[in-house]
Every structure is written in C-alpha cells, then in structure tokens.
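Just below is one structure, and these are the notes that go with it.
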Amino acid sequence: MRIHDKAAARLEELGVELRLGISLSEHTSLEIGGTTDMLLLRRHETIPDVMRLLQDEDTPHRFLGGGTNVLIADGELPWVVLHLPTSQPGMRVEGNAVFVDAAADLGGMVTFCAKRDLGGMEGLIGVPGSVGGALRMNAGAYGTQIGTYVREVDVYRAATGKIETMRGNDIRFDYRHTSFAPDDMMLRVKLELPSKPYNEIIAGIRVCNEKRRSSQPLNQKSAGCIFKNPPGGSAGRMIDELKLKGHRVGDAMVSDRHANFFVNAAHASCSDMLKLIDEVRERVRTAYGIELENEVIVWQN
Ligand SMILES: Cc1cc2nc3c(=O)[nH]c(=O)nc-3n(C[C@H](O)[C@H](O)[C@H](O)COP(=O)(O)OP(=O)(O)OC[C@H]3O[C@@H](n4cnc5c(N)ncnc54)[C@H](O)[C@@H]3O)c2cc1C
C-alpha cells in the first residue's frame, strides 16, 4: 500500500515521518514480512488528525510495535504500517508511579525502574518488544504479567477519534489477551510498582535471564511462543511429545530447543511458517483432541 503525494504532504505537516516502500522483514524478529509504507507518529497530539486523514483517504492500516509477536504476509502489503518512534521515549518516576511512553523498550523500562528501587516486573526482563506491544498482549513470564501493575493508559480510540485516559480497573488483562478494542492505539502508561532494593531486583532478573537462556533459542529468529498454552496444559510439551522438534516446512522450523518456538532457519516465507503452524496444530488436534490457539498475531493480506 502506498501513500499518494497529496496525503504525504499533509501527513508531514502533521509531524509524521514517512518511510516509503520498506520491507517489514527488517522490522520483525522473525525477519518475515512484505513491503509497504511506514508512518512514524512523532507527535501524539496530532494522531487524531492523522487517523482522520487515513480514514478520509480510505487507507487501511495496522499498528506495529517492536515486531516481536507478529507473522506478516509476504509481497506487497495492502495496508500501511503505523509506528511510534523509539528514539528517546519518555520515562519518569513519581514515588511508586512510573509514566512510560508506549514506544519504550520493555526490558529498558524494567531496568530503568530497578535503578529507582521499583520492582515486581523482573519476569518481564527478557520479553523483547515495546511497552505498547506488552500492554496489547498482556505480556507475561515467570509468574509476572504487565497488566497487574497498570493504573492508567493513554489510548487513541478509533471509536471516538480522541486520545483518552483509561483506568487500569476498566481494562481486562487476561492470558495474552486484553479488552482493548482492536483499533485502540496505546500511547502511554502509568504503572504502580512495589518498592524493592536494587540488589534484590537484579538477583531476580539474573534468575529469569538464566531460565530463558537455558530453554529458548535466543540466537535464532522467532516470535516467541507460537501457540497459547491450553488451560492446564503446555503446548510445547505436547509438540515435544509428538517428536516434532526440528520438523520443518521450507526454512520454517520447530525449534529443537523449545517446541513452542518456531524459527526462521534461513529465508522462510510467511506461507512456509503458516503451513508449519497448521501442520503442528493438526497433529496436536489428532493426538490430543485439543485445538491450539495462536499466540502469534498473523497479518495476512
Ligand atoms: C525470543 C522471544 C521471547 C519472547 N518471550 C515472551 C514471553 O516470555 N512472554 C510474552 O508474553 N511474550 C513473549 N514474546 C512475544 C513478544 O515479545 C511479546 O508479545 C511483546 O510484548 C510484543 O511486543 P511488540 O512491541 O514487539 O509487539 P508487536 O509484535 O509489534 O505487536 C503485537 C501486537 O500488539 C499490537 N501493538 C503493538 N504496539 C501497540 C500499541 N502501542 N498500540 C496498539 N497496539 C499495539 C500490534 O498491532 C500487534 O497486534 C517473546 C518473543 C520473542 C521473539
């Protein structure tokens, strides 16, 4: 999808930086994804005008954070991608409250808070991606989930065309699912974190890092877990029991280190990865009678 010249000029007036014809494979941890225009939303206050313009122009769009939980179609894509610039995102502390821009790196936020003796989020240290993506997905690991600490979120709401502040109590944070509307755009969050000495937080972070290093293919291209765990079960364990580690379709492969991580072993396409996901889902359904649900977000044409 390409932005035409007249709309481009107006978008630039609204403080949007345009990156034309970029490959999303360079913006996703799987290194898979086709080509489109990217709009960097440099000014929160103009977002309602930007969104109105895209609506008037009938320009379909998707929102990309750090690109660590998405599987994006190949080829020329039929929508533009919106992105909050990651340079110098704001982070500020007032007592036990932390105010963070959605563009901030999640791990960077955890260490920023640790240095100010604010803990609780040690489990999230190795989750890659942005704070906005973590809010959307209710990212979690090792018994911690971000939703527990959310007090307020500034959101651009397509339903009203305005930036609104939502209270944490009014948002449902479930396992890798939240009650934000699909077209809500998270811009900033206020978290409330428990006080904890820096040394204790760092010790907790070291434990989580070690667990991750010993069980996940961190030096390979992946999007983390492909499937959600079914209630009371483990998708990874079932896939492992079916001896599917190392199983591949083209260059898309079930990791031989963690069976719920599917990796791009070289130059996998989106369709290779989708075929692999379908094959594994089918094998699990046949063997266990369980229908695995995707955790990875798939953007197809
Ligand atoms: C090696 C590895 C390990 C991982 N381990 C974990 C783990 O332990 N636990 C876990 O929960 N996840 C894990 N993940 C998955 C992923 O890192 C998280 O889901 C992360 O929170 C996604 O953030 P992101 O910014 O990359 O989002 P993206 O992948 O860019 O987007 C994910 C979804 O969020 C939406 N989104 C992103 N930002 C915004 C925003 N500001 N406003 C509105 N919508 C937005 C996108 O539209 C998309 O629907 C792992 C991934 C990798 C590669």
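The values are calculated or read from the model by the stated rules, or taken from the named source; none is laboratory data. Values in this document were obtained by computation on a predicted structure and should not be read as measured data. Glycine gets a Cβ as well: all are built from the backbone with ideal geometry, and neighbour counts include every protein chain shown. The area values use the complete protein model at the heavy-atom level, side chains included, leaving out ligands, DNA and RNA. Shrake-Rupley method; radii C 1.70, N 1.55, O 1.52, S 1.80 Å.
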Solvent-accessible heavy-atom area per residue, rounded to whole Å², over the range 1-97 at 1.4 Å: 48 Å²
Once label points are set 7 Å from the Cα along Cα→Cβ at both residue 10 and residue 116, what is their separation, rounded to one decimal in nm? 3.9 nm
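Enumerate by residue number the GluC sites (Glu not before Pro) in the range 3-95 meeting two conditions: DSSP loop (anything except H, G, I, E, B), and at most 16 other Cβ atoms within 10 Å of the site's Cβ.
Numbers: sites: 12, 13, 17, 26, 31, 45, 57, 76, 94; in loops: 31, 57.
Filter output for the range 3-95: 57.
Taking a ≥ b ≥ c as the square roots of the eigenvalues of the Cα gyration tensor of the range 1-119, is the shape rounded (a/c under 1.5), prolate (a/b larger than b/c) or oblate?
Working: a/c = 3.08, a/b = 1.56, b/c = 1.97.
In terms of gyration-tensor shape, oblate.
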Label point at residue 207 placed 7 Å out along Cα→Cβ; residues across the range 137-161 whose backbone nitrogen lies under 12 Å: 142-144
From DSSP H assignment alone, runs of 4+ in the chain each adding -39500 (n - 2.57), the sum over residues rounded to the nearest 500 puts [θ] at 222 nm at -8000 deg cm²/dmol
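In Å², what does the accessible area per residue of the range 109-160 work out to with a 1.4 Å probe?
Numbers: 1720 Å² over 52 residues.
Ligands and nucleic acids excluded, the figure is 33 Å² per residue.
Given a 1.4 angstrom probe, I'd like the percentage of the accessible area of the range 174-235 that is carbon and sulfur, rounded to a whole number.
Values: 1660 of 3250 Å².
Summing carbon and sulfur atoms, their accessible area is 51 percent of the total for the range 174-235.
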Run the accessible area of the range 5-146 with a 1.4 Å probe and give the carbon-and-sulfur part as a rounded percent. 47 percent
Value of relative contact order over the chain, rounded to a whole percent, pairs C-alpha under 8 Å and six or more apart: 17 percent
Among 105, 56, 251, what's the order by accessible area (1.4 angstrom probe), most exposed first? 56, 105, 251
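Using a 1.4 angstrom probe on the protein heavy atoms only, could you order 99, 227 from most to least accessible area?
Highest to lowest solvent-accessible surface, that is 99, 227.
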